[in-house]
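The values are calculated or read from the model by the stated rules, or taken from the named source; none is laboratory data. These figures come from a predicted structure and were not determined experimentally. Positions of Cβ are generated from backbone atoms using ideal geometry, with glycine treated the same way; all protein chains shown enter the neighbour counts.
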Amino acid sequence: MRVALAAGIAIGVSLTGCAVGWPYSYAGQQHTMTKENSDYHAKAIADVRTRYGDPNAQDDAAKLKRACELLQRYAAKAPDPGSFTPARELLDHDARATCEKARRRDHEEKAQAANERWQAEAEQERQAARVKEEARQRQHEARRQEDERQRLTSALERASRTAEICDATEAARSARKRRQAILDQSPGALVRKQCTPRMETRTVKAECKDANGFTRPCTKTVAGSDVAGYTCPKNVDPEVVQLGLYQLDLLDAYPYPEDRKIAVRDVECEPARARVKELREKLGVTSATAEVAP
């Protein structure tokens, strides 16, 4: 809305001969208006621009709406134009254009605001979903860590029991290992070689003479053909003797039953101790406390 007021001589006279027309340039077009109308229009446009900016360059819906209303008020109060271009006509045209732009910008701003609200709500929902998912993941991780802690704790308890049994049976296991080594060296053959066999005896019926010379039925002990045992020199290891007799099937049972009551095997002990150390480190249990994590 460029306003250019051309000052100069009158270029027209109204039909009544009472009004003089002045050249007036506005919005790229030339008009002939009374001085009063041209001044009024110029004042109205200047006032609108001062308050709300040029409507053509303004994008604020609220300012456009107020500019529209102000243009309408100026148009309603425009002076008599005589037979020349009325200021009211130009102001009405600008008011309609400005009002239409105000409605369009209001619609656009509301649509933009609605879209921004929708985006904000969508972002809030996404954020809430992220928070919920993060909470779920934390809960899942907490459960996983607790399950893992329980698993490690149970494993530590089992390994600790095995290690404790190993420590408590150190001497017994050493003896068992020694006896097993003896068995592996065929102690039966050693007993046969170094010891004297004792033959079995049996009782048989016989006839014996008593002190008076009479013959009466009696029993006699005679040597059998089977070996019942061996008599060994004192320098032969008693364990070798016992295990040799066992290997020769001369004993009713294994002579050291305590060996078979030990709850762990030697091959289990070192792995169990290493496992205890490993699990304590994972659970943060110090060797000083030697306690299972609660």
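Answer yes if at least one residue in segment 226-249 is closer than 28 Å to GLU270 by Cβ, touching a Lys or Arg at 6+ places or on another chain (Cβ under 7 Å) and not polar (S, T, N, Q), and no otherwise. Taking every residue of segment 226-249 in turn, at least one turns out to be closer than 28 Å to GLU270 by Cβ, touching a Lys or Arg at 6+ places or on another chain (Cβ under 7 Å) and not polar (S, T, N, Q).
Here PHE214 clears all of (1) surrounded by 13 or more Cβ atoms within 10 Å (Cβ to Cβ); (2) among the hydrophobic types (A, V, I, L, M, F, W, C); (3) over 30 Å from ALA272 (Cβ atoms) except the condition numbered (1).
Within segment 166-198, the residues that satisfy the criterion of being farther than 25 Å from GLU268 by Cβ and either touching a helix residue (DSSP H, G or I) at 6+ places or on another chain (Cβ under 8 Å) or in a helix (DSSP H, G or I) (or both) are SER186, PRO187, GLY188, ALA189, LEU190, VAL191, ARG192, LYS193, GLN194, CYS195.
One line per residue, one yes/no per condition, for (1) of a type in the set (A, V, I, L, M, F, W, C); (2) on the phi < 0 side of the Ramachandran plot; (3) within 22 Å of the chain's Cα centre (by Cα):
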residue: LEU71; (1), (2), (3): yes, yes, no
residue: PRO86; (1), (2), (3): no, yes, no
residue: GLU123; (1), (2), (3): no, yes, no
residue: LYS132; (1), (2), (3): no, yes, yes
residue: ARG136; (1), (2), (3): no, yes, yes
residue: SER160; (1), (2), (3): no, yes, no
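Among the residues here, LEU250 does not qualify as touching a strand residue (DSSP E or B) at 6+ places or on another chain (Cβ under 8 Å), closer than 21 Å to GLN185 by Cα and in a helix (DSSP H, G or I).
Kindly check whether there is at least one residue in segment 259-272 that is exposed (fewer than 14 other Cβ atoms within 10 Å of the Cβ), out of contact with any strand residue (DSSP E or B) (no Cβ under 6 Å at 6 or more places or on another chain) and not in a helix (DSSP H, G or I). Within segment 259-272 (the criterion being exposed (fewer than 14 other Cβ atoms within 10 Å of the Cβ), out of contact with any strand residue (DSSP E or B) (no Cβ under 6 Å at 6 or more places or on another chain) and not in a helix (DSSP H, G or I)), the answer is yes, since at least one residue qualifies.
The sole residue among ALA168, ALA97, ALA175 that is surrounded by 13 or more Cβ atoms within 10 Å (Cβ to Cβ), modelled with pLDDT of 90 or more and in contact with an Asp or Glu (Cβ under 9 Å, 6 or more places away or on another chain) is ALA175. When restricted to residues that are out of contact with any helix residue (DSSP H, G or I) (no Cβ under 6 Å at 6 or more places or on another chain) and not basic (Lys, Arg), segment 156-165 contains 3. Please specify each residue of segment 190-207 satisfying the condition of being touching a residue at least 12 places away in the same chain (Cβ under 8 Å) and under 19 Å from ASP249 (Cα atoms). If the condition is that a residue be touching a residue at least 12 places away in the same chain (Cβ under 8 Å) and under 19 Å from ASP249 (Cα atoms), then LEU190, VAL191, ARG192, GLN194, CYS195, THR196, PRO197, ARG198, MET199, GLU200, THR201 are the ones that fit.
Yes/no matrix, rows are residues, columns are (1) outside any helix (DSSP H, G or I); (2) touching a helix residue (DSSP H, G or I) at 6+ places or on another chain (Cβ under 7 Å); (3) over 16 Å from ARG104 (Cβ atoms):
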| residue | (1), (2), (3) |
| --- | --- |
| ASN37 | no, yes, yes |
| HIS41 | no, yes, yes |
| ASP54 | yes, no, yes |
| ALA67 | no, yes, no |
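Can you pull out the residues in segment 211-245 that are outside any loop (DSSP other than H, G, I, E, B) and touching a residue at least 40 places away in the same chain (Cβ under 8 Å)?
Result: GLU239, VAL240, VAL241, LEU243, GLY244, LEU245.
Put simply, of ARG161, ARG88, ARG151, ARG144 the only residue that is within 27 Å of VAL276 (Cβ to Cβ) and surrounded by 14 or more Cβ atoms within 10 Å (Cβ to Cβ) is ARG161.
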